[in-house]
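Peer 1: Here's a structure for you.
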Amino acid sequence: MRLIGSQYRETGAFFRKKLAFPTLFCTLFFFSVVFLSGWVFQQNQELLEQATEQIFTLFEGKNLEIEGHISPLLLLANNLIASAEGMLLGLIPFLFLPLVTLAINAAVIGGLGAYSIQLLGWRFILAGILPHGIFELPALLLAGAMGVRLCLEMIRRILRKPCTHTFPELLMETARFFLLIVTPLLVLAGLAEGYLTPLVLELVMGGI
């Protein structure tokens, strides 16, 4: 237990020193894209229909269901891979590709939000996102922030600016944060989306 506690303390220090500002930036960027894309989709019905059709096709192609029900295990695996890939894109310098990943996810949420609000109103969209979103969105934003941090560190090394950590140390801290913080959030998100969200949606839809 003492070892686990020390690992979490070091992870907290890593967040305060290295990730606090990238996380704030990614959060503001993400929700700006959510609201902007939602507004754009609401203004263009044809664009909204095309976008939602592509989004639903994409979700169906992920094969996240077993016997007609969403599998928390498949959700977790999908989210872990997507988060890790989005984070590791930060190893490509100068392009800040993790922000592109965040923007795509934000646009998807904006499109689904606009579509759902038109059909069923705010209650439905909150019931469909909130139960698992309180875990999944922080995990997504933290993974994006780590990707941005990696990109900044890669740029510093290429420009030969002083760095406080060696590259292996940076990777170890990033991997530890992903394992101790992001992964548990995604586990909770998968359980909530697999079991809690359908129940909440059923209650909300039953009351409409």
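Peer 1: Restricting attention to the stretch 33-50, which residues are open to solvent by less than 70 Å² (accessible area, probe 1.4 Å) and in contact with a helix residue (DSSP H, G or I) (Cβ under 8 Å, 6 or more places away or on another chain)?
Peer 2: Val33, Val34, Ser37, Gly38, Val40, Phe41, Leu47, Leu48
Peer 1: Please find, within the stretch 172-187, the residue that is farthest from the chain's Cα centre (by Cα) out of those that are aliphatic (A, V, I, L, M) and surrounded by 15 or more Cβ atoms within 10 Å (Cβ to Cβ).
Peer 2: Looking at residues that are aliphatic (A, V, I, L, M) and surrounded by 15 or more Cβ atoms within 10 Å (Cβ to Cβ), I get Leu180.
Peer 1: Restricting the first residue to the stretch 123-139 and requiring it to be free of Cβ contacts under 8 Å to residues at least 24 places away in the same chain, which pairs with a second residue that is open to solvent by less than 20 Å² (accessible area, probe 1.4 Å) and hydroxyl-bearing (Ser, Thr, Tyr) meet a Cβ separation below 6 Å and a spacing of at least six or different chains?
Peer 2: Ile125/Ser116
Peer 1: Give the residue, chosen from Arg123, Arg160, Arg176, Arg149, that is at positive phi and among the basic types (Lys, Arg).
Peer 2: Sole residue among the options that is at positive phi and among the basic types (Lys, Arg): Arg160.
Peer 1: Right, something else. For Glu169, all conditions in the list (1) open to solvent by less than 60 Å² (accessible area, probe 1.4 Å); (2) modelled with pLDDT under 95 hold save one; what is the number of the exception?
Peer 2: That leaves (1) as the condition not met.
Peer 1: What's the total number of residues in the stretch 158-206 that are in a helix (DSSP H, G or I) and out of contact with any helix residue (DSSP H, G or I) (no Cβ under 8 Å at 6 or more places or on another chain)?
Peer 2: Adding up the residues that qualify gives 12.
Peer 1: Answer with yes or no whether Glu202 is surrounded by 13 or more Cβ atoms within 10 Å (Cβ to Cβ), at pLDDT below 95, out of contact with any Lys or Arg (no Cβ under 7 Å at 6 or more places or on another chain) and more than 26 Å from Gln54 (Cβ to Cβ).
Peer 2: no
Peer 1: Further question on the same structure: State whether one or more residues within the stretch 98-113 are in contact with a Lys or Arg (Cβ under 9 Å, 6 or more places away or on another chain) and among the polar types (S, T, N, Q).
Peer 2: No, there is no match, as no residue in the stretch 98-113 is in contact with a Lys or Arg (Cβ under 9 Å, 6 or more places away or on another chain) and among the polar types (S, T, N, Q).
Peer 1: Does the stretch 121-138 include one or more residues that are among the aromatic types (Phe, Trp, Tyr), open to solvent by less than 50 Å² (accessible area, probe 1.4 Å) and modelled with pLDDT under 95?
Peer 2: yes
The values are calculated or read from the model by the stated rules, or taken from the named source; none is laboratory data. Just so you know, these numbers come straight off a predicted model, no measurement behind them. Don't worry about glycine lacking a Cβ; one is built from the backbone with ideal geometry, like all the others, and counts go over all protein chains shown. Surface accessibility is based on the protein's heavy atoms, side chains included, excluding ligands, DNA and RNA. Shrake-Rupley method; radii C 1.70, N 1.55, O 1.52, S 1.80 Å.
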